[in-house]
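The values are calculated or read from the model by the stated rules, or taken from the named source; none is laboratory data. Not measured: the values here are computed from a predicted model. Neighbour counts run over all protein chains shown; Cβ positions are idealised from the backbone, glycine included. Accessible surface is based on the protein model in full, side chains and every heavy atom, while ligands, DNA and RNA are left aside. Shrake-Rupley method; radii C 1.70, N 1.55, O 1.52, S 1.80 Å.
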Amino acid sequence: MRITMVGTGYVGLVTGTCFSNLGNDVTCLDIDPKKIEKLNNGISPIYEPGLDEMIQRNHKAGRLHFTTDAKTAYQTAELIFICVGTPSDEKGHADLKYVLAAASDVGKAIESAPGPTGGDPEDRRAKIVVVKSTVPVGTNAKVRDAIAAQTSKPFKMASNPEFLKEGAAINDFMKPDRVVVGVDDLEGTGGRMRQLYEPFVRNGHPIYIMDIPSAEMVKYAANAMLATKISFINEIANLCEAYGSNVDEVWRGMTSDARIGNKFLYPGLGYGGSCFPKDTLACVSMGTESNTPTPLLAAVHDVNQQQRLNFYDKIVKHFGGETNLSGKTFAIWGLAFKPGTDDVREAPALTLAQKLTAAGATVKAHDPVAHETTHDVLGDTITYHEMYDTLDGASALIICTDWPEFKQPNFVEVRTRLTDPVIFDGRNLYKPALMQEEGFTYHSVGRNPVNAVNAEAVKAAG
Ligand SMILES: NC(=O)c1ccc[n+]([C@@H]2O[C@H](COP(=O)([O-])OP(=O)(O)OC[C@H]3O[C@@H](n4cnc5c(N)ncnc54)[C@H](O)[C@@H]3O)[C@@H](O)[C@H]2O)c1
């Protein structure tokens, strides 16, 4: 099939590359010429494991193209996937300006394309415009109107929310748990979408074809559920801290109940990234707009935002007040909102770094892949280093992302290079008892802090 992906971000680029990998002829379109130039030189503008190789192979094979030429990209496509960003606006609504701008351009391109002159809405050659961006219920109808305002020629609409996870995006897309497609006509558009996705579900996983408003809601319901799990376990972790329980033990006892399960219930700094925060807020604003309050989801968001501030308070408390942070240096390990990605949107590490520098501290940070993306946001307000070099002169190490290489570091080197043997672990990577043995004062989430036992003696012994 001839496919155009609109937007070469984490979703459009991965899904477009995967479609081309199965033999489809795919054009990835973006308004950012720098991204397109990089891609035409075989360089991915985002970090995603395995993506560079897949892009280069399919680009070389002539079935994966990159362009800023919207008109041609739209006119030649049978299927157009809108994968542009839908960030929160200042009121927490999903901002649809990129989606609707793309829709208007699609309409103009359809109107000026040679081919069917319109009138036959059942035309099998009619393009399908697929909204893959996460959008509030009713957006597909707005996209349809925005296209129809520019053309009287036939086109079809489909909603196809995306469930890939950054860091595992290729595997998630190639072997999805399920594919969700919303259409108006089950046979025509539904059949063409099923044909596109059938090679991805040879593992027997389902393709659910449903009405468009339900498909739009599935994505929000799924993300709101996942966000709720994280805020839930963080709230329990905070209670554990207050009452001296250990959240690891509570987790084990609680999750052995099959009705609860043990997935996605890890306490920490809360969720970040470009999806859970904005999608939870978008659910809340859908509730407000429809006069259907969603107090649970509003609380999920509030708990999440508070969680990173609670962690900052632990740092403040340890040093005896915020004013005492001034002039101190802190090492941060992990900037990305989760391992496996360079995405720092809504990352807790950035909030902590901003609060520390605002308090007059110096921040030395390390992330395996996210220095450039962090620099785009924080610039030179913090400095960027190799992992162990962050520790020199630092009063504490703060761990914000559970990258695998942070799980078993050389603790002797960590302890000897830090000025004070103090770790604030926002991802519960280590056992408190081990940290105490290693001579650290160790703060984590939902577990009692431990103090360095004879830290000076351990340090002196090397
Ligand atoms: N990132 C994820 O893990 C993920 C997962 C599932 C769903 N989603 C959803 O998918 C959508 C895209 O997310 P993302 O993270 O890929 O976004 P992104 O910000 O990484 O990429 C969006 C891209 O669209 C481009 N763009 C904007 N307007 C355009 C236009 N008119 N024509 C062509 N290109 C245009 C931008 O330049 C940018 O490169 C969002 O709605 C998001 O909620 C994201």
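If you average the C-alpha positions of segment 66-81 and of segment 373-451 separately, how far apart do those two centres end up, in angstrom? So the two Cα centres are separated by 47 Å.
Our estimate of slack between Asp211 and Thr288, defined as 0.36 nm per intervening residue step minus the Cα-Cα distance, is 25.4 nm.
By the scheme Lys and Arg +1, Asp and Glu -1, what is the net charge of all other residues having a beta-carbon under 12 Å from that of Glu166? Counting the neighbours of Glu166, the net charge comes to -2. Using a cutoff of 8 angstrom between alpha carbon atoms and counting only pairs six or more residues apart, the relative contact order for segment 308-461 works out to 20 percent.
Restriction of the trypsin sites (Lys or Arg not before Pro) in segment 358-462 to DSSP coil positions whose beta-carbon has at most 16 other beta-carbons within 10 angstrom yields Lys407.
Atom-type composition of the exposed protein surface of the chain places 53 percent of the accessible area on carbon and sulfur (1.4 angstrom probe). Put +1 on the Cβ of every Lys and Arg and -1 on every Asp and Glu Cβ in the chain; which of Phe424, Phe406, Leu64 then has its Cα farthest towards the positive end of the dipole? Result: Leu64, furthest along the dipole toward the positive end. Partner lysines whose Cα lies under 18 Å from the Cα of Lys317, excluding those fewer than 8 positions away in the same chain, are identified as Lys328, Lys355. Charge tally for Asp313 (other residues, Cβ to Cβ under 14 Å; Lys, Arg +1; Asp, Glu -1): +2.
Let me check against my output: what whole-number percent is the relative contact order of the chain, with C-alpha pairs under 8 Å and at least 6 apart?
11
Here the dipole of segment 308-461 is about 560 debye; that uses its Cα centre as origin and unit charges on the Cβ of Lys and Arg (positive) and Asp and Glu (negative). Taking amide hydrogens as placed 1.01 Å from N in the peptide plane, the amide H of Ala365 sits under 5 Å from those of Ile332, Thr383, Tyr384, His385, each at least 5 positions away in sequence or on another chain.
Magnitude of the charge dipole for the chain, about its Cα centre and with charges confined to Cβ atoms of Lys, Arg (+1) and Asp, Glu (-1), is about 600 debye.
Taken about its Cα centre, segment 346-386 carries a charge dipole of about 240 debye when Lys and Arg each add +1 at the Cβ and Asp and Glu each add -1 at the Cβ. Select from segment 147-240 those GluC sites (Glu not before Pro) which occupy a DSSP coil region and have at most 11 other Cβ atoms within 10 Å, ordered by residue number. Sites meeting the loop and neighbour criteria: Glu187. Accessible area per residue for the chain, computed on protein heavy atoms with a 1.4 Å probe, is 43 Å². Counting charges near Gln150 (Lys, Arg +1; Asp, Glu -1) among other residues having Cβ under 14 Å from its Cβ returns a value of +3. The stretch between Lys317 and Gln354 holds 11.6 nm of extra length on full extension. This uses 0.36 nm per residue minus the Cα-Cα distance.
Using a simple spin-label model with pseudo-atoms 7 Å out from Cα toward Cβ, Ala221 and Tyr243 lie 3.3 nm apart.
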